[in-house]
Structures are given as C-alpha cells and as structure tokens.
Amino acid sequence: MPVQKENVSTAISSDGGSGVSSDRLQAVARGDNIPAEVHKSVFETTPVLKINAFNLWYGTKQVIHNISMPIPRNQITALVGPSGCGKSTLLRSVNRMNDLIQNVHIAGDMQLNGDSIYDSRMDVIDLRKRMGMVFQKPNPFPMSIFENVVYALRIDGEKNRSVLEEVCEISLRGAALWDEVKDCLNDSALKLSGGQQQRLCIARAVAAEPEVLLLDEPCSALDPIATGKIEDLIQELRGQYSVLMVTHNMQQASRTSDYTAFLYLGRLIEYGPTSDIFTNPVLRETESYVTGRFG
C-alpha cells in the first residue's frame, strides 16, 4: 500500500502547471514551529549519533531550528536541501567545527555513542579524533602519500613501521586507491589527480577508524569519472562505517545512501529510508524537492 500523503495544497504556476506544494514551506519561512515528518523505521535502527533538539545561531541569526534525528550505525545518511538550508552547518556541528567561528552559540545537544558532544567536560580534540572529516575540495597535506594516510597514527605516537605500513595498505585498499599508488607511496600527495586526492583524504580519514565519517559534498569539485569512483567507494563503506554525508546531487543521494533527510531553511522537513524519500515520500514538499521542481 502506498504511503498516504499529507493533505497540503499545491500552488498553481502562472502557466497552469503545478508548482511547489507551499503550505508547509511557507509556514517554515514565516518561522512557524512545524514538526518534522520522521518515518517510524528510522527509530527502529541502532543510532551511532543522536541529534537532540539542536539549535544554532550565528550571532542573532538562527540557522538551525530544533532538529532531532538519530543517525543509524553502519549506514549512510544523506542530508539534502537547497543551498543555505543548514546542511553543512549541521554536519560541522557534529565535530564542533563551528566552535571556531565567532559568535556561534547553540541549544540542545548531540550524543556520539552515548557521550554528550556539547558537554562542558568533552575534550574537543579527542572528539574530533573519533570522527573522520572529508571536505568539498580535496585537501591532502603537503607530504608523501604514505605520511598522509598514517598522519593520525603519527599524531597518536605510533612509531612501529610495520603497523604504519599495514594501516596504510588497508586504508588505501579500502579507498580503492592502493593499486594506483602502491609503487609511489613516497611521492608527494599533491601530484595525484583531484579524484585520487579525494580518495586519499577518505583513506586518511578511515585510517583512524572513526566512529562516524563526515562527508561534506565530497564530489562537488570532481569530474563525472572521479565522482563515479567516489560514489562506488562510499557504497563500499556501507556496513563498515557510519557515514553522514551532505550532497546537492539528488541522484547521488538516491544511489549511495540508506537514509535521507530533507532540510529547508534550517529545519528538518522529512527523514526516512532513501527508497521512501525518493519514491514514496509522505510530504508533497519532499516530492517536489527531490524531483527537481524547486531548489
């Protein structure tokens, strides 16, 4: 049986075609407190991360509004929505990168495997060691491929060469890069192509065995071929790592993720299994966005 869609009006464009279902989005734009549509199956998962009534302000401007959502363990969760809807801000709040911005303040909390991320006793450096972060543009360090991959282990004081070599190979194999670089591990990482550099950054992130891997539009600066390789890699990470990913690419979200959350103007609108969000969403607003009718 198809999921019953919420009874919301559909705006009619001047040319007679159907526009975006507007009631809920207009209410959000007014600042009304509209509850998110979170599918029941999301709560049946085991979460690695819990976001609890989370709010964030840049100065007096509120950009995240009362978001609550569990992030399933060893699954890939995509955050989608129009530019400026708060996807990257929410992602960067998970490892508290927004702490580096002046006049940021928050309300609510997040929990990583039961530990409060925003507890005053939380060591932020230790917290970030528990997570991997991959940015929009590849950012390899100006050192060898080998030293890039084992960087986190070096920081933690690991000096055993055999351990470092083993982790390097395992991580590069996991990032589908080993066969391309195994004979030039001592070469500068800056010599690699953009797609190879991004896979190297993923290898560097997984080498530290993170509890959560954060991907902030990891393919936005890559060509289609490199993007395809990164998408294949993301799918291979399924079941091994808990991944939270921001993307503007609806096809990418539908191909690679297990769960998808649709955000709009800093609010969670709908969140559920990716197959439902893209083929049978509860809300017409979600359907309008994922089918490209706005955004």
- Query: Given 288, 220, 275, which one is closer than 30 Å to residue 178 by Cα and either of a type in the set (Gly, Ala, Ser) or at pLDDT below 90 (or both)?
  - Reply: 220
- Task: Report whether or not residue 199 is surrounded by fewer than 21 Cβ atoms within 10 Å (Cβ to Cβ), in a helix (DSSP H, G or I) and of a type in the set (Lys, Arg).
- Result: no
- Message: Within the stretch 170-193, take every residue that is surrounded by 15 or more Cβ atoms within 10 Å (Cβ to Cβ) and among the small types (Gly, Ala, Ser) and give me the one that is farthest from residue 233 (Cα to Cα).
- Response: 188
- Restricting attention to the stretch 209-231, which residues are surrounded by fewer than 20 Cβ atoms within 10 Å (Cβ to Cβ) and either outside any loop (DSSP other than H, G, I, E, B) or among the small types (Gly, Ala, Ser) (or both)? 220, 221, 224, 225, 226, 227, 228, 229, 231
- Note on the structure: The correct count of residues that are part of a loop (DSSP other than H, G, I, E, B) and either in contact with an Asp or Glu (Cβ under 9 Å, 6 or more places away or on another chain) or among the polar types (S, T, N, Q) (or both) in the stretch 74-101 is 4
- Query: Within the set of pairs 6 or more residues apart or between chains, which connect a residue that is closer than 22 Å to residue 58 by Cβ inside the stretch 105-122 to a residue that is charged (D, E, K, R) and not in a strand (DSSP E or B) with Cβ atoms less than 7 Å apart?
  - Reply: 117/96
- Are any of the residues in the stretch 47-54 out of contact with any helix residue (DSSP H, G or I) (no Cβ under 7 Å at 6 or more places or on another chain), among the small types (Gly, Ala, Ser) and either buried (at least 18 other Cβ atoms within 10 Å of the Cβ) or within 23 Å of residue 119 (Cα to Cα) (or both)? yes
- Query: So, in the stretch 155-169, of the ones that are modelled with pLDDT of 95 or more and under 16 Å from residue 132 (Cβ atoms), which residue ends up surrounded by the fewest Cβ atoms within 10 Å (Cβ to Cβ)?
  - Reply: 167
- Task: Being closer than 22 Å to residue 231 by Cβ and polar (S, T, N, Q) is the filter; apply it to the stretch 60-118 and report the residue that is modelled with the lowest pLDDT.
- Result: 83
- Query: Looking at the stretch 234-243, is at least one residue of a type outside the set (D, E, K, R), out of contact with any Pro (no Cβ under 9 Å at 6 or more places or on another chain), surrounded by fewer than 24 Cβ atoms within 10 Å (Cβ to Cβ) and closer than 23 Å to residue 36 by Cα?
  - Reply: no
- Which of the residues belonging to the stretch 236-251 are out of contact with any strand residue (DSSP E or B) (no Cβ under 8 Å at 6 or more places or on another chain) and assigned to a helix (DSSP H, G or I)? 236, 251
- Note on the structure: Of the residues in the stretch 123-146 that are in contact (Cβ under 8 Å) with a residue 12 or more places away in the chain and over 19 Å from the mean Cα position of the chain (by Cα), the one that is surrounded by the most Cβ atoms within 10 Å (Cβ to Cβ) is 145
- Note on the structure: Within the stretch 54-79, residues under 22 Å from residue 211 (Cα atoms) and touching a Ser or Thr at 6+ places or on another chain (Cβ under 9 Å) come out as 54, 69, 70, 71, 72, 73, 74, 75, 76, 77, 78, 79
- Could you please let me know if residue 109 is part of a strand (DSSP E or B), on the phi < 0 side of the Ramachandran plot and of a type in the set (Asp, Glu)? yes
- From the residues in the stretch 54-81 that are hydroxyl-bearing (Ser, Thr, Tyr) and touching a strand residue (DSSP E or B) at 6+ places or on another chain (Cβ under 8 Å), which one is nearest to residue 288 (Cα to Cα)? 77
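The values are calculated or read from the model by the stated rules, or taken from the named source; none is laboratory data. Predicted, not measured: the structure shown is a model, and the values here were computed from it. Heads up, the Cβs are rebuilt from the backbone with ideal geometry, glycines too, and the neighbour counts pull from every protein chain shown.
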